[in-house]
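See below for the structure under consideration.
None of the figures in this text is laboratory data; all of them are computed from the coordinates on show. Model, not experiment: these values are computed from the prediction. Because the Cβ atoms are built from the backbone with ideal geometry, glycine has one as well, and the counts that use them run over all protein chains shown.
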Ligand code: SME
């Protein structure tokens, strides 16, 4: 694929639709998971200008920081802890409009106000989570959930 990311004009739907196509074509030609996670984090981050976009990988009993874009983050998150550990444990996407109201939220950055965490499945096993943080409240909704779940299904 071209090395230039194209960002659609218009709203979130249009942006995700074009982003999805580019991620599909990129991941199709690359089998390395870290390479794909790195580019997916970069492409989502550049398209939307989120505060932090990245992956935590399941390594035994703990989530370990993977490829990301944004400021320094916690290296390890335990099963069931924070929004990431909850998405892993509950096996569902977590949409958090206000992180201060989420019990056990792990504040890697005090500037993060809302968050979405999407499990990455390989077959019937969760191998990673995609975590996105925003500096604004209530950034993420059903549209983000649906598209991000589609995107991580490409990994
Ligand atoms: N806030 C996350 C931790 C990861 S950082 O935000 C990058 C959580 O509660 O799981």
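For the stretch 48-63, residues that are more than 14 Å from residue 130 (Cβ to Cβ) and either in contact (Cβ under 8 Å) with a residue 12 or more places away in the chain or more than 14 Å from the chain's Cα centre (by Cα) (or both) total 5.
Being in a loop (DSSP other than H, G, I, E, B), closer than 17 Å to residue 120 by Cα and in contact with a strand residue (DSSP E or B) (Cβ under 9 Å, 6 or more places away or on another chain) is true for just one of 92, 86. Which residue is that?
92
Screening the stretch 126-143 for residues that are buried (at least 20 other Cβ atoms within 10 Å of the Cβ) and not in a loop (DSSP other than H, G, I, E, B) and picking the one that is farthest from the ligand (Cβ to nearest atom) gives 128.
For every residue, the table says whether it meets (1) in contact with a helix residue (DSSP H, G or I) (Cβ under 9 Å, 6 or more places away or on another chain); (2) farther than 29 Å from residue 5 by Cα.
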{"site": "47", "(1), (2)": "yes, no"}
{"site": "67", "(1), (2)": "yes, no"}
{"site": "84", "(1), (2)": "no, no"}
{"site": "99", "(1), (2)": "yes, yes"}
{"site": "129", "(1), (2)": "yes, no"}
{"site": "143", "(1), (2)": "yes, no"}
{"site": "155", "(1), (2)": "yes, no"}
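When residue 98 is tested against (1) in contact (Cβ under 8 Å) with a residue 40 or more places away in the chain; (2) out of contact with any strand residue (DSSP E or B) (no Cβ under 6 Å at 6 or more places or on another chain); (3) crowded, with 20+ Cβ neighbours inside 10 Å, just one condition goes unmet, and that condition is (3).
Could you look through the stretch 74-95, keep only residues that are touching a residue at least 40 places away in the same chain (Cβ under 8 Å) and within 11 Å of the ligand (Cβ to nearest atom), and pick out the one that is nearest to residue 43 (Cα to Cα)? Break it down into steps so the answer makes sense when it comes.
Step one: filter the stretch 74-95 for residues touching a residue at least 40 places away in the same chain (Cβ under 8 Å), giving 83-84, 87-88, 93, 95.
Checking the rest, the ones that are also within 11 Å of the ligand (Cβ to nearest atom) come to 83-84, 87-88.
Details: 83: 22, 84: 21, 87: 22, 88: 23 Å.
Only one residue fits best here, namely 84.
Restricting attention to the stretch 101-125, the residues that are surrounded by fewer than 14 Cβ atoms within 10 Å (Cβ to Cβ) and either in a helix (DSSP H, G or I) or more than 11 Å from the ligand (Cβ to nearest atom) (or both) total 5.
What about residue 23, is it buried (at least 20 other Cβ atoms within 10 Å of the Cβ), away from the ligand (no atom under 16 Å from the Cβ), under 15 Å from the mean Cα position of the chain (by Cα) and outside any strand (DSSP E or B)? Yes.
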